[in-house]
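Derivation of every value follows stated rules applied to the coordinates shown; laboratory data play no part. This one's a predicted model, so the numbers in the text were calculated from it and none came from an experiment. All Cβ positions, glycine included, derive from the backbone under ideal geometry; neighbour counts span all protein chains shown.
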Amino acid sequence: MRGNRALQPAAYELEKKLATDNLKKGLGKRSQREDLVERNILLDSTAAPGIQGQQKELQKHMRADTLNEKIAHRPDPEELRQRM
């Protein structure tokens, strides 16, 4: 029994070191932020992560508004025929 108690702290330290090493290895393999942005996994934004979803939604609505505005002011087919 006494030998088992002496091994417990060593086993704990070994497990802790193993977990630390695994974490360092995983972090070392992690993609860089720029790569994740390029692959459209992360947004290219400086906004806080909590509001990035709202920012993306706002950008989507702004693009829709711009397209609708352009469509509303495009020439009709007859006007295009007259230009030719």
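Couple of notes before you dig in:
- The modelled label-to-label distance between residue 8 and residue 43, using points 7 Å beyond Cα along the C-beta direction, is 5.0 nm.
- Shape category assigned to the chain from the gyration tensor of Cα positions, a/c cut at 1.5: prolate
- The chain: angle of helix 2-29 to the longest principal axis, Cα-based, in degrees nearest 10: 20 degrees
- Estimated dipole of the chain in Debye, rounded to 20 [Cβ of Lys and Arg +1, of Asp and Glu -1, Cα centre]: 680 debye
- Sequence of 27, 43 once ranked by neighbouring C-beta atoms within 10 Å, starting from the fewest: 27, 43
- Gain on full stretching of the segment that runs from residue 25 to residue 79 - 0.36 nm per residue minus C-alpha separation: 12.9 nm
- Degrees between helix 52-72 axis and first principal axis of the chain (Cα, 0 to 90, nearest 10): 10 degrees
- Distance between modelled label sites at residue 69 and residue 32, nm, 7 Å Cα→Cβ extension: 3.7 nm
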